[in-house]
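Working notes, structure below.
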Amino acid sequence: MPFPIHRPRRLREKSAIRALVRETELSTGDWIYPLFVVSGKKIRKPIASMPGVFQLSVDQLASEAKEIQKLKLPGVILFGIPETKDAVGSSGHSEKNVIAQAIAEIKNAAPELLVITDVCLCEYTDHGHCGVMKKTGVRNIQIDNDATLEILSKIAGLHARAGADIIAPSDMMDGRIQAIRDELDAVGYKDLPILSYAVKYASGFYSPFREAAESAPKFGDRHSYQMDPANTREAIREATLDLEEGADILMVKPALSSLDILKTLRDHFDTPLAAYQVSGEYAMIKAAAEKGWIDEKRVVLETLTAIRRAGADFVITYFAKEAARYLKMEG
Ligand code: PBG
């Protein structure tokens, strides 16, 4: 038989038919926009490695939130850059914390927006690590997992009281979901969901974020708490533990270099699944587009489609606003 009878091409000729049989649809409702909130006034500071992304002071958030709500994006995730940092990240849970102020400001300006808060120490510690450190020898310094849990819980409690809709721990300490769940339950937030950065690889793709959040570690690296990108079974183990400890949504990050992991988790768990298209993924596309080497809109929509196709229910992405505008123009 010289020619195949089944010809997939038949369904590709007309765009209306392509649309009819399309398996993955993009929707503005699936994208969460990250915001970097800095203390101070009238600050709108560009981040060099992330063109189009800014550090914003609290007074800038009302107009930003209104714009995001108008684009029909469902929510934002907040990262705080405090005025002062110390070894134990105290500014992360002080009552005057930038995140607490930011939540109030956003809720006031755009009540429909969901506010997710990132819970981690790296923005608040002077050494830039995601937990507190302890000396374990003359020259040896190590992350203090269990001492960190207490501080993370305090930060989560503060975010809850300030009105966060979802708490998102990104620190990767062992046992943090349980610790945060216990704290939230104890202070009256039994119904507040936890989005766990369950599978967070130690990745070179986070560098621009560390400029944005001023959170690069001053010494060492994050390999003792973030995952080895070589591992799949460990991802299942981390996700299983987080679910047992009370996570409501699992997240995988980075997104594009972990599509197989997203698919594995999708097949393994029936829990809602998120993906974080991280700063380096954003920066790569922006840089290549700036040089005229790729078509930005096409690549952005293609990557967002691939992340959804791999199994993510929603995506945290710095492209959220631009992508929402693309869909609006097409629709
Ligand atoms: C904090 C945190 C990081 C990111 C999200 N939360 C940085 C890191 O772990 O170094 C990265 C997000 C991005 O690159 O866009 N722990």
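The values are calculated or read from the model by the stated rules, or taken from the named source; none is laboratory data. Computed from a prediction, not measured in an experiment: that's the story for all the values here. When we count neighbours, we look across all protein chains shown, and the Cβ atoms used for this are built from the backbone with ideal geometry, even at glycine. Heads up: the accessible areas ignore ligands, DNA and RNA and are worked out on the full protein's heavy atoms, side chains in. Shrake-Rupley method; radii C 1.70, N 1.55, O 1.52, S 1.80 Å.
The stretch between Asp267 and Lys96 holds 57.3 nm of extra length on full extension. This uses 0.36 nm per residue minus the Cα-Cα distance. According to the calculation over all Cα-Cα pairs in region 1-110, the P(r) per 10 Å bin from zero is 12, 31, 22, 11, 11, 8, 4, 1 %. Size check on the chain: the Cα extents along the three principal axes, sorted descending, read 75, 45, 42 Å.
Charge dipole (Cα centre; +1 on Lys/Arg Cβ, -1 on Asp/Glu Cβ; no other charges) of the chain amounts to roughly 1380 debye. Entry comment: accessible area of region 165-316 is 43 Å² per residue, from protein heavy atoms only and a probe of 1.4 Å.
Which whole-number percent gives the relative contact order of region 127-174, counting Cα pairs below 8 Å spaced six or more residues apart? It would help to have the intermediate numbers written out before the result.
Details: 31 pairs, mean separation 16.5, N = 48.
Value for region 127-174: 34 percent.
The share of alpha-carbon pairs in region 264-330 lying farther apart than 21 Å comes to 28%.
As a test of the definition: which semi-axes, in Å, follow for region 51-114 when you take the square root of five times each eigenvalue of its alpha carbon gyration tensor? Largest first, please.
Working: eigenvalues 114, 32, 18 Å².
Equivalent ellipsoid semi-axes, largest first: 24, 13, 10 Å.
Dipole magnitude for region 163-301: about 540 debye, using +1 per Lys or Arg Cβ and -1 per Asp or Glu Cβ, origin at the Cα centre.
For the chain, give the percent of accessible area contributed by carbon and sulfur heavy atoms, probe 1.4 Å, rounded to a whole number. Before the final figure, lay out the partial values.
Values: 8290 of 15670 Å².
The value for the chain is 53 percent carbon and sulfur by accessible area.
On the principal axes of its alpha-carbon atoms, region 167-285 has extents of 41, 34, 25 Å, going from largest to smallest. Placing unit charges on the Cβ atoms of the charged side chains and taking the dipole of region 183-239 about its Cα centre, the candidate lying farthest along the positive direction among Ile194, Gly220, Ala239 is Gly220. The long axis of helix 176-186 is offset from the longest Cα principal axis of the chain by roughly 70 degrees.
Put Glu112, Glu214 in order of accessible area, highest first, and with a 1.4 Å probe you get Glu112, Glu214.
Alpha-carbon geometry of region 40-174: the Rg and the Dmax are 16.0, 56 Å, given in that order. Per residue, region 1-156 exposes an accessible area of 53 Å² to a 1.4 Å probe, with every protein chain left in place. Mean separation of Cα pairs under 8 Å and 6 or more residues apart, divided by the residue count, gives the chain a relative contact order of 17 percent.
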